[in-house]
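Right, one structure below, let's go through it.
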Amino acid sequence: MIEAPVEQAIRLDAACVVVNLFRIPGQAVVTDHCIQNILKLKPECDRFSMPLMIEPLVFQPNQKAGGYMVDGDLDKILPLVRQAVELGADIIKADPTDDVAAYHQVIQIAGRIPVLVRGGGKAPDKEILDRTEKLIQQGASGIVYGRNIIQHADPAGMTRALMAIVHDGAKAKDAAKFIKG
């Protein structure tokens, strides 16, 4: 962990401090280090009224995925999200589940804590927009997408489309009109 992370976040006018909570098969020590980091950060975040975002990430075994690839198994995600809640998360940034229709269970186990959904791997526009619509309908508070916007041929259009779904309740098919192409 960097030195004085909350004070650095304040100096940089950050909206929150983000810390990972990893579950890597065969690497329990990594999870323990993550928990120790959270336990150090939470009191400092509270002291400075800085929200703490915990990012619970479940990884597939290295041998299976050829690198640390995210595991969308609901039965693995739920306990880690619950642990993030119990460790004091003010916001949770969680992966989508393999079965998008089951994401409401992630929202439910988070209780009153807002859940932002990570974007996952690169996917076609229709898939991203449809998935986002379904996630928002199930109670996700927002999204945190990277490559599906930044690497898009029309990042501004994709951003407008996603904002229409998240903020205006637009349907995926209607939001797609914002994307040039």
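The values are calculated or read from the model by the stated rules, or taken from the named source; none is laboratory data. On a predicted model such as this, the values are computed, not experimentally measured, just so you know. Neighbour counts are summed over all protein chains in view; Cβ atoms, including those assigned to glycine, are modelled from backbone coordinates with ideal geometry. In case anyone asks, the SASA skips ligands and DNA or RNA and just uses the protein heavy atoms, side chains included. Shrake-Rupley method; radii C 1.70, N 1.55, O 1.52, S 1.80 Å.
Run through the DSSP bridge list for segment 2-95 and note the antiparallel percent, rounded to the nearest 5. Could the numbers behind the result be given before it?
Numbers: 1 of 10 bridges.
In segment 2-95, DSSP labels about 10 percent of beta bridges as antiparallel.
Taking the Cα centre of segment 5-73 as the origin, how large is its charge dipole in debye, to the nearest 20, when only Lys and Arg (+1) and Asp and Glu (-1) carry charge on their Cβ atoms? Intermediate results must be reported in sequence, preceding the final value.
Details: 6 positive and 8 negative charges, 20 e Å.
In total the dipole reaches around 100 debye.
Using only DSSP helix segments of four residues or longer, with each worth -39500 (n - 2.57), what per-residue ellipticity at 222 nm results for the chain after dividing by its residue count and rounding to 500?
Values: 9 runs with 86 residues, N = 181.
Rounded to the nearest 500, it is -13500 deg cm²/dmol.
Using only the alpha carbons, work out the radius of gyration and Dmax of the chain in angstrom.
16.9, 48
By average Cβ neighbour count within 10 Å, what is the ranking of 104-115, 8-19 from highest down? Present the calculation step by step, with values, prior to reporting the outcome.
Working: 104-115: 17.5, 8-19: 14.1.
Put in order of decreasing packing, that is 104-115, 8-19.
If the cut-off is a Cα-Cα distance under 20 Å, which aspartates and glutamates reach residue 177, setting aside same-chain residues fewer than 8 apart in sequence?
125, 127, 130, 133, 154, 168
So if I restrict to the alpha-carbon atoms in segment 69-173, what is the Rg, and what is Dmax, the biggest pairwise distance, in Å?
Spelled out, the Cα radius of gyration and Dmax of segment 69-173 are 13.4, 40 Å.
So what are the radius of gyration and Dmax for the Cα set of segment 1-88, in Å?
Considering segment 1-88 through its Cα atoms, Rg and Dmax are 14.2, 42 Å.
What's the magnitude of the charge dipole for the chain around its Cα centre, counting Lys and Arg as +1 and Asp and Glu as -1 at the beta-carbon? Answer in Debye, nearest 20. Spell out each step's value before the answer.
Details: 21 positive and 22 negative charges, 70 e Å.
That gives a dipole near 340 debye.
Check residue 18: other-chain or 5+ apart residues with amide H under 5 Å from its amide H, H built from backbone geometry?
53
If you count, for each residue, the other Cβ atoms within 10 Å and average over each peptide, how do 41-52, 134-145 line up from highest to lowest? Walk me through the numbers before you get to the answer.
On the way: 41-52: 15.9, 134-145: 18.2.
Highest to lowest by the protection proxy: 134-145, 41-52.
Would you please give the residues with an amide H less than 5 Å from that of residue 70, counting only those at least 5 places away or on a separate chain, with H modeled from the backbone geometry?
Answer set, sorted by chain and number: 60.
Could you let me know the centre-to-centre spacing of segment 129-160 and segment 85-121, using Cα atoms, in angstrom?
What the calculation gives is 15 Å, centre to centre.
Rolling a 1.4 angstrom probe over the protein heavy atoms, how many square angstrom per residue are accessible across the chain? Could you put the intermediate results ahead of the total?
On the way: 9740 Å² over 181 residues.
Dividing the accessible area of the chain by its residue count gives 54 Å².
Give me the percent of accessible area attributable to carbon and sulfur for the chain, probe 1.4 angstrom. If you can, show how the numbers build up before the last one.
Values: 5140 of 9740 Å².
Whole-percent figure for carbon plus sulfur exposure: 53.
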